[in-house]
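Reviewing the structure listed below.
The values are calculated or read from the model by the stated rules, or taken from the named source; none is laboratory data. If you're wondering where the values come from, they're calculated on a predicted model, not measured in any experiment. Cβ sites come from the backbone with ideal geometry, for glycine too, and all protein chains shown count toward neighbours.
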Amino acid sequence: MTLKKLIADVLRIDESDVTEESSSKTLKAWNSSRHVELVMAIEKHYKVRFGSAEIAALQSFRQIREMLTKKDVVM
Amino acid sequence: MIAGVFWLLPIGMHSLPEEGLYASCIGELEAAEINAYQRNSDRRLAGFSRIAARVAASTIVEDRVRPNEWAFSRTTAGARLLRAPSGLSVNIAIADNEHILVIYATLGHSVGVDVELWERPSGWRDIAERFFSKPERDLIQRFPDKKSSDIFTILWTGKEAIAKASGAQLVDYLDVSLIGPSVKCPYTLQRKGATYEKWKIQWLDIGSNLVASCCATGGSHRIPEIMSCDWIIDQLSFLENM
């Protein structure tokens with residue numbers, strides 16, 4: 001499953017709506033509640049763990065991808 | 001003036017005004033926030049929710065301030081406010097989910113709202129285990145599956161409402177306990193075992209598989225009024241003649 005598909009599934013939107021620019025400011029479905037669900041789903045799927053500060057910082061597609069890269073996750 | 005309003009607005013895309021229809025009502029910063037949304041449906045809902053919030057604020061002050069005179073602002077902590085040119089301000093909270101928009105507005109008290117589906121995602125037990133306080137986890141585990149899921153949802157929406165009222169993100173408030181020092185005092189919020197903040201919280205099963213929570217630092221909760229989008233738009237009809 002791609003990162004875009006994972007985000008789309010959790011936010012319950014079409015995969016085509018998730019773009020490089022997508023963030024909590026550009027997608028209404030990316031609200032505070034879904035954000036926590038999204039982080040938990042990413043942790044489970046990629047077998048990583050985020051700290052509290054990291055969870056708060058993961059507010060966009062790019063930030064998530066960069067954080068996963070930093071954690072040596074192969075996407 | 002009245003203490004506050006708590007409105008439930010059933011919404012459908014067909015009933016929402018087109019983008020830009022009430023642009024004269026919305027300031028530049030707000031417009032930038034709304035226009036940042038990728039999807040037309042998100043922009044329309046975000047625009048309409050801000051219009052409805054203005055009408056709610058005008059209702060509280062018995063129309064002494066017109067809806068287009070309010071400007072969105074934030075407290076130093078980040079919670080939403082509507083300010084009139086006179087300096088008068090109304091605390092405002094907005095939430096939406098599926099086909100419901102919730103507006104809660106008061107004078108003089110911080111307020112927050114959230115609306116969520118009763119159905120929780122499959123990972124809800126992991127979320128509770130990781131973030132919720134021990135008394136909350138104990139309460140969830142005390143009940144069979146469906147009931148415990150409902151209790152999780154109730155606690156979750158309460159935390160989200162308080163986070164909004166505080167101008168924070170949910171992730172900053174997941175670790176607070178909604179179960180106070182006494183079961184008889186469930187509306188006392190305990191944060192990290194040290195600080196207590198007093199909140200009044202109320203949960204409402206609003207139908208359509210949705211639960212809403214509202215919280216305030218004081219005042220009395222009002223019975224929610226079910227409003228219609230058409231009524232909100234009618235309140236703004238004078239703008240079209242400006």
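For region A:42-59, which residues satisfy the criterion of being more than 18 Å from residue A:73 (Cα to Cα) and among the hydroxyl-bearing types (Ser, Thr, Tyr)?
Once the filter is applied, which keeps residues that are more than 18 Å from residue A:73 (Cα to Cα) and among the hydroxyl-bearing types (Ser, Thr, Tyr), region A:42-59 yields only A:52.
Looking at region B:101-137, which of the residues that are without any contact (Cβ under 8 Å) to a residue 60 or more places away in the chain and of a type in the set (S, T, N, Q) is farthest from the other protein chains (Cβ to nearest Cβ)?
B:133
When you check residue A:66 against the structure, is it part of a helix (DSSP H, G or I) and at pLDDT below 95, yes or no?
no
Among the numbered conditions (1) buried (at least 19 other Cβ atoms within 10 Å of the Cβ); (2) of a type in the set (A, V, I, L, M, F, W, C); (3) touching a Gly at 6+ places or on another chain (Cβ under 7 Å), tell me where residue B:71 comes up short.
Among (1) buried (at least 19 other Cβ atoms within 10 Å of the Cβ); (2) of a type in the set (A, V, I, L, M, F, W, C); (3) touching a Gly at 6+ places or on another chain (Cβ under 7 Å), residue B:71 violates only (1).
Could you count how many residues in region A:10-37 are in a helix (DSSP H, G or I) and either in contact (Cβ under 8 Å) with a residue 60 or more places away in the chain or more than 10 Å from every other protein chain (Cβ to nearest Cβ) (or both)?
The number of residues fulfilling the criteria is 3.
Checking the condition over 10 Å from the mean Cα position of the chain (by Cα) and either exposed (fewer than 14 other Cβ atoms within 10 Å of the Cβ) or within 29 Å of residue B:29 (Cβ to Cβ) (or both), which residue from A:32, A:23 passes?
Matching residue, one of A:32, A:23: A:32.
Restricting to region A:40-61, count the residues that are more than 8 Å from chain B (Cβ to nearest Cβ) and within 9 Å of the chain's Cα centre (by Cα).
5
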